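The next block holds one structure in the form of structure tokens; read it before the comments.
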Amino acid sequence: MLDSCRLSPLKWLAEEYHDLNGTQYDVLEESPTPLEFSRLVRVGRPVLIKESAIPEADDAAKWTKQWIANNMGDRQISVAVTPNGRADAVTRGPDNMLYFAEPFTQKMTMASFLETLSSGGQATESARSGEVHYLQSQNGNMFSATYFDMSGNEDPSEFEPLREYVPSEIPWCSDALDKSPDAVNLWIGDEKSITSIHSDPYENIYSVIRGAKHFTLLPPTEGWCLQVPNLTEPQPSAKTERRYPHATYNRSSASSELELVPSPSDTPLVRWSSVADPTAPGALPPEAHPIHITVKAGETLYLPAGWWHYVRQEGFTVAVNYWYDMEGRGMSWVWLNFLRGTEEPSLGNEEEPESGTAAVGLK
């Protein structure tokens, strides 16, 4: 115990948490009751549920590319486009500086978008163009908080024809938390799109309909491990995240290639993880204990608020997630902020990352 007390508080907390919890996670064969889920939220550990939150998700006739395209028709949708599959990620610009890069948003039909995606791991001719397309508009692209507003405000969605097939909320979750979702999001992509490691202040219910999602998770207590490993012995510090200048992919004309355009100098810096791929050899210190969970079609993951997650996809993937605001009262929010570091993160371009850590990627 004396040796542990000599360590920094963050490292001591991480060791204590791991000693008590290990890397185990619960697996439920069916959805929990509201009471059961409230207990899971109190524990705050990931749970794999062998049941979908989306009705008839296992119906082979539904949620195919053809079925989705037919339902959506000629409606224009917003699609994220990047040259590398890493939207909302730290990327090196043409000036050799690191930027937090947001994707170019392109309007197109669902059919045109789906043609850019691989099928079962096999790339189509359109998918070989070099650019990567991902439907990841977030912020309630299926249902936003406005939908549940009793004032009767309209809540338009680009995916209106698909709404009848996606519940606006999950009863056992809404009942347990005594609230409706803050956002319900549709995600469609393939293995070329990667979600960079990050954490969210939401209780996340993530249901996969097609394909599979491979999650690499770290508890909030191990956020300090997400520093670039350029020290002989990584030390718990405020280097979990760094601050990066903002930039957005754009193109000068409809036929030109994407280029990374830095935002105006007065744009606030973006706080983001400095580690690109936590699954790469040597990316994390020995003190880190990542948990790997694969969520297959017809399964649902409960991802507690504050957990760090890095996500890869397998082939053509369709998923829906429900974000419920975490409880801000009590100690939860205070603890999460403390675990992210009590000092302001350093500038991302002050300390260059090692080879293989220059780019990170989205959800």
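Numbers for the structure displayed
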item	result
Qualifying position, being surrounded by fewer than 20 Cβ atoms within 10 Å (Cβ to Cβ), among the β-branched types (Val, Ile, Thr) and in contact with a His (Cβ under 7 Å, 6 or more places away or on another chain), among Thr105, Thr23, Thr33, Thr64	Thr23
Scan of region 267-289 for residues that are in a loop (DSSP other than H, G, I, E, B) and either in contact with a helix residue (DSSP H, G or I) (Cβ under 8 Å, 6 or more places away or on another chain) or among the aliphatic types (A, V, I, L, M) (or both), ordered by number	Leu269, Ser274, Val275, Ala276, Ala280, Ala283, Leu284, Pro285, Glu287, Ala288, His289
Qualifying residue in region 117-125 (condition: within 17 Å of Gln313 (Cα to Cα) and either of a type in the set (Asp, Glu) or modelled with pLDDT of 90 or more (or both))	yes
Residue match in region 326-335 (condition: modelled with pLDDT of 90 or more and touching a Phe, Trp or Tyr at 6+ places or on another chain (Cβ under 9 Å))	yes
Answer residue from region 292-348, given it is aliphatic (A, V, I, L, M) and not in a strand (DSSP E or B) and is nearest to Ile209 (Cα to Cα) among those	Ala297
Count - residues of region 241-266 that are farther than 14 Å from Asp95 by Cβ and either in a loop (DSSP other than H, G, I, E, B) or small (Gly, Ala, Ser) (or both)	10
Those residues of region 281-316 which are of a type in the set (S, T, N, Q) and in contact with a Ser or Thr (Cβ under 7 Å, 6 or more places away or on another chain), in sequence order	Thr300, Gln313
Within region 136-182, tally of residues that are among the aliphatic types (A, V, I, L, M), part of a loop (DSSP other than H, G, I, E, B) and surrounded by fewer than 19 Cβ atoms within 10 Å (Cβ to Cβ)	1
Subset tally (residues that are of a type in the set (Gly, Ala, Ser), surrounded by fewer than 17 Cβ atoms within 10 Å (Cβ to Cβ) and not in a loop (DSSP other than H, G, I, E, B)) for region 70-100	1
Close pairs (9 angstrom Cβ cut-off, 6 or more residues apart or separate chains): under 22 Å from Gly298 (Cα atoms) in region 21-35, part of a loop (DSSP other than H, G, I, E, B) and basic (Lys, Arg) anywhere	Gln24/Arg45; Tyr25/Arg45; Asp26/Arg45; Val27/Lys50; Leu28/Lys50; Glu29/Lys50; Glu30/Lys50
Options Glu15, Glu56, Glu51; residue that is more than 24 Å from the chain's Cα centre (by Cα) and either of a type in the set (A, V, I, L, M, F, W, C) or in a loop (DSSP other than H, G, I, E, B) (or both)	Glu56
Selection within region 251-273 - surrounded by 14 or more Cβ atoms within 10 Å (Cβ to Cβ) and either more than 25 Å from Thr342 (Cβ to Cβ) or modelled with pLDDT under 85 (or both)	Arg251, Leu258, Glu259, Leu260, Val261, Pro262, Ser263
Residue check, Glu314 among the charged types (D, E, K, R), out of contact with any His (no Cβ under 8 Å at 6 or more places or on another chain) and touching a residue at least 12 places away in the same chain (Cβ under 8 Å)	no
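The values are calculated or read from the model by the stated rules, or taken from the named source; none is laboratory data. Predicted model, so just to flag it, every value in this text is computed and none were measured. Cβ coordinates were reconstructed from backbone atoms using ideal geometry, including for glycine residues, and neighbour counts include every protein chain displayed.
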